[in-house]
Structures are given as C-alpha cells and as structure tokens.
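Novice: Please read through the structure below; I'll follow up with questions.
The values are calculated or read from the model by the stated rules, or taken from the named source; none is laboratory data. Here the structure is a predicted model, which means the values were calculated and not measured. So basically every Cβ, Gly included, is an ideal-geometry build from the backbone, and we count neighbours across all protein chains shown. Heads up: the accessible areas ignore ligands, DNA and RNA and are worked out on the full protein's heavy atoms, side chains in. Shrake-Rupley method; radii C 1.70, N 1.55, O 1.52, S 1.80 Å.
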Amino acid sequence: MPATRTRKKLADLGAVAAGLAHEIRNPLNSLYINSQLLEEMLVELPDRDVPQKDELLALARANLKVTQRLNDSLSAFLRFARPPAMELSPVDLNRVVAETLRFLEVDFTYRGVDIAVRYHPAPLPLLADERQLKQALLNILLNAEEAMDKQEKAVRVATGVRAGLPFVRIQDNGRGIPRADRRHIFRLFFTTRKNGSGLGLPIVRQIVQQHGGTVSVRSREGRGTSVTVTLPYESQFRAMYPGRLPLALPPGGGTR
Ligand SMILES: Nc1ncnc2c1ncn2[C@@H]1O[C@H](COP(=O)(O)OP(=O)(O)OP(=O)(O)O)[C@@H](O)[C@H]1O
Ligand SMILES: [Mg+2]
C-alpha cells in the first residue's frame with residue numbers, strides 16, 4: 001500500500017479510536033462514582049449485620065482501583081490522539097528540570113532512590129510549553145523509577161549543551177531494556193509492565209517533537225537506561241518556524 005494511503009488509514013483509525021475513548025469516558029466516570037458511593041455505604045454498615053463486610057469492601061476497593069487506572073489510561077490516550085495546543089513561553093531548561101524533580105522528591109525518597117543532578121552552569125533558554133515539557137520529563141523519570149530492580153537505586157540527571165543544542169539526560173541503574181524490545185518502546189501501547197499502558201514514551205516523543213527536539217535512548221540490559229532529550233535554543237526554535245510564533249503547532253512539527 002502506498003505510504004500516503006497507509007498514513008490516511010492510520011489517521012482514520014486514530015480518529016475512530018479517539019471517538020471510542022471519548023464515548024467510554026462518561027460511563028466510566030459513572031462507574032467510578034458508583035464504586036466510590038458503594039465503598040462509602042459499605043464502610044457505614046454495622047459489622048454485626050454484615051458478616052462479609054470485609055470481603056465486600058475489598059471488592060469495592062478493587063473496582064475503584066481498576067476504574068481509576070482505566071480512566072488514567074483513557075486520559076493519556078486522548079491526550080495523545082488530540083494533543084493540546086502548545087502554549088509557548090520563554091523558559092530556562094535548568095529551572096524546568098529542577099521543578100520537575102522537586103515534584104518527584106518525596107516519591108523518590110520514599111522508594112529509596114538516590115537522585116543526583118548536575119546542571120549546566122548557564123541558563124538554557126528555550127521556547128516551550130512548560131507544562132507539557134514537564135509532563136514529558138515526568139514520564140521519563142517515572143519509567144526510571146519503575147525500572148529499579150537493585151538494592152542501590154540511582155537516578156542521575158544532567159543538563160548541558162552538545163553540538164550546539166541544549167539537552168537533558170536522565171540515567172537510571174535499573175533493569176535496562178532487552179535488545180528485542182528497543183525498537184518497540186515508542187510504539188503506542190507497548191508495555192512490559194503489569195500496570196503499564198504503553199503511553200508514556202509515545203507522549204514523550206510527541207511533546208519533544210512538537211518542541212522541535214529529539215529523544216534518544218541507550219540501554220544495557222541489567223545495567224540501566226539513559227534517555228536524552230535534545231531541544232533547540234529559543235533562537236533556533238524561532239528560526240524553525242519563522243513568523244509563525246507563538247501559535248499552536250501541529251504534532252510532529254519538529255525535525256524528526
Ligand atoms: N528506564 C527504563 N528502563 C527499562 N525499561 C524501560 C525504561 N523506560 C521505558 N522502558 C520500557 O519501555 C516500555 C514502554 O514505556 P512507556 O513509558 O511508553 O510505557 P509504560 O511505562 O509501560 O506505561 P505508562 O503508559 O504507564 O508509561 C516499558 O514498559 C518498558 O518496557
Ligand atoms: Mg511509562
């Protein structure tokens with residue numbers, strides 16, 4: 001099939017999938033609210049009248065968890081299918097990284113993950129949608145955290161400039177990515193995790209591409225993984241879209 005027809009078919013399929021996801025959203029919300037009510041009502045019941053109260057509560061809570069997870073996956077998928085318009089403003093990559101890490105600090109400490117950061121000594125001015133960029137970094141950091149399989153858990157983060165382009169690198173010492181999986185990790189719904197939805201990295205790539213940047217992954221099985229996001233400076237980004245900024249950019253509007 002010619003490439004354009006394949007692309008058109010995929011786009012149609014994407015639209016159908018997004019429509020379906022949207023349809024599921026309302027009933028799923030009802031299901032969630034009902035599960036919540038059920039749980040509250042069960043908690044109120046006097047133990048002596050309902051001998052199976054604990055089992056019933058466990059079931060209601062399990063339902064609540066599953067619906068919550070489904071809802072999260074659905075939101076992530078819809079986000080991917082219909083990416084929000086970019087709200088661009090000048091930001092410093094160092095600050096964006098610092099604030100994203102601060103957000104995860106408690107979580108990392110709780111899980112015993114040692115985190116070390118090295119910042120580029122000068123500001124790294126970008127033109128970016130700060131919220132979306134943070135979302136991308138968060139997805140990468142969560143993957144790092146989830147990959148931890150050793151006693152000593154370490155995440156190293158560095159910002160810098162390479163070949164004239166700002167970058168941020170997130171390195172973990174987790175289980176690494178098996179060679180056979182490597183070419184699939186950016187595929188929609190590819191996951192090896194029990195509760196994963198396989199949307200994290202596709203969203204990372206989408207966001208980074210919208211910023212005119214690239215993502216690269218290096219991994220050694222059993223040793224760890226390093227994910228590098230390279231982004232253009234503000235001036236370089238403006239040069240990519242002369243006269244058209246700031247405005248909403250199409251997905252994949254970047255270099256690769
Ligand atoms: N740092 C990492 N270390 C090891 N494997 C990784 C790492 N990052 C990604 N992977 C692999 O790539 C797969 C896809 O990652 P992705 O973030 O897209 O989905 P996920 O984490 O499984 O689910 P979610 O949608 O919750 O993010 C993971 O299931 C895992 O197999
Ligand atoms: Mg993930």
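Novice: Quick one: which residues, 5 or more positions from Val117 or on another chain, have an amide H under 5 Å from its amide H? H modelled 1.01 Å from N in the peptide plane, none for Pro or chain starts.
Specialist: When sequence neighbours closer than 5 places are left aside, the close amide H contacts are Val157.
Novice: How many Å² of accessible area per residue for the chain, probe 1.4 Å?
Specialist: 60
Novice: Still on this structure, I have one more. With springs only between Cα atoms under 10 Å apart, run a GNM on the chain and tell me which of Ile115, Ile177, Ile33 wobbles the most.
Specialist: Ranking Ile115, Ile177, Ile33 by mean-square fluctuation puts Ile33 first.
Novice: Over the stretch 32-164, calculate the relative contact order: mean separation of alpha carbon pairs under 8 Å at least 6 apart, over the residue count, as a percent.
Specialist: Rounded, it is 26 percent for the stretch 32-164.
Novice: Please list Glu105, Glu130 from largest to smallest accessible area, probe radius 1.4 Å, with all protein chains kept in place.
Specialist: Final ranking, largest accessible area leading: Glu105, Glu130.
Novice: Next question, about the same structure. Regarding the stretch 3-81, what are the three Cα extents along the principal axes, ordered largest first, in Å?
Specialist: Principal extents (Cα only, largest first): 67, 17, 14 Å.
Novice: Right, here's the next one. Report relative contact order for the stretch 111-256 in percent, whole number only (criteria: Cα-Cα under 8 Å, sequence separation at least 6).
Specialist: Normalised by residue count, the contact order of the stretch 111-256 is 26 percent.
Novice: Roughly what angle does helix 130-146 make with the longest principal axis of the chain, taking Cα atoms, 0 to 90 degrees, to the nearest 10?
Specialist: For helix 130-146, the angle is close to 60 degrees.
Novice: In addition: Quick one: give the max-minus-min coordinate of the C-alpha atoms of the chain along each principal axis, largest first, in Å.
Specialist: Largest to smallest, the principal-axis extents are 71, 48, 37 Å.
Novice: Related question: Roughly how tilted is helix 93-110, in degrees to the nearest 10 and between 0 and 90, from the longest Cα axis of the chain?
Specialist: Helix 93-110 sits roughly 30 degrees off the main axis of the chain.
Novice: Oh, and also: For the chain, give the percent of accessible area contributed by carbon and sulfur heavy atoms, probe 1.4 Å, rounded to a whole number.
Specialist: Ligands and nucleic acids excluded, carbon and sulfur give 55 percent.
Novice: Any chance you could look up the accessible area of Thr191 with a 1.4 Å probe, heavy atoms only, rounded to 10 Å²?
Specialist: 50
Novice: Using a Gaussian network for the chain with springs between C-alpha atoms less than 10 Å apart, which of these wobbles most: Val208, Val96, Val106?
Specialist: Val106
Novice: Give me the percent relative contact order of the chain, please, defined on Cα pairs under 8 angstrom at least 6 residues apart.
Specialist: 17
Novice: What angle do you read, to the nearest 10 degrees and between 0 and 90, between the alpha-carbon axis of helix 200-210 and the longest principal axis of the chain?
Specialist: On a 0 to 90 degree scale, this one is about 30.
Novice: While we're here: Below 21 Å, Cα to Cα, which lysines can Lys194 reach? Residues fewer than 8 away in the same chain don't count.
Specialist: Of all the lysines, those that pass the test against Lys194 - Cα under 21 Å, at least 8 places apart if same chain - are Lys65, Lys150, Lys153.
Novice: Any idea of Thr4's accessible area? Nearest 10 Å², probe 1.4 Å.
Specialist: 100
Novice: In deg cm²/dmol and to the nearest 500, what is the mean residue ellipticity at 222 nm of the chain if only DSSP H runs of at least 4 residues count, each as -39500 (n - 2.57), divided by the residue total?
Specialist: Taking each H run of at least 4 residues, the total per residue is -17000 deg cm²/dmol.
Novice: Now, a different point. Keeping all protein chains in position, work out how much accessible area His184 exposes to a 1.4 Å probe, and write it in Å² to the nearest 10.
Specialist: Answer for His184: close to 40 Å² accessible.
Novice: Hey, another quick one. Ala163 versus Leu70, label points 7 Å from Cα toward the beta carbon: distance in nm?
Specialist: It works out to 4.5 nm between the two label points.
Novice: Mind jotting down the three principal axis lengths of the stretch 89-240 based on Cα atoms? Whole angstrom, largest first.
Specialist: So the extents along the principal axes, rounded to whole Å, are 42, 30, 26.
Novice: Expressed as a fraction of 2.2 N^0.38 Å, the rule-of-thumb size for a compact globular protein of N residues, what is the C-alpha radius of gyration of the stretch 1-151?
Specialist: With N residues counted in the stretch 1-151, Rg over 2.2 N^0.38 Å equals 1.48.
Novice: Taking only Cα atoms and a 10 Å spring cutoff, compute GNM fluctuations for the chain and point out the largest among Lys150, Lys194, Lys134.
Specialist: Judging by the Gaussian network model, the answer is Lys194.
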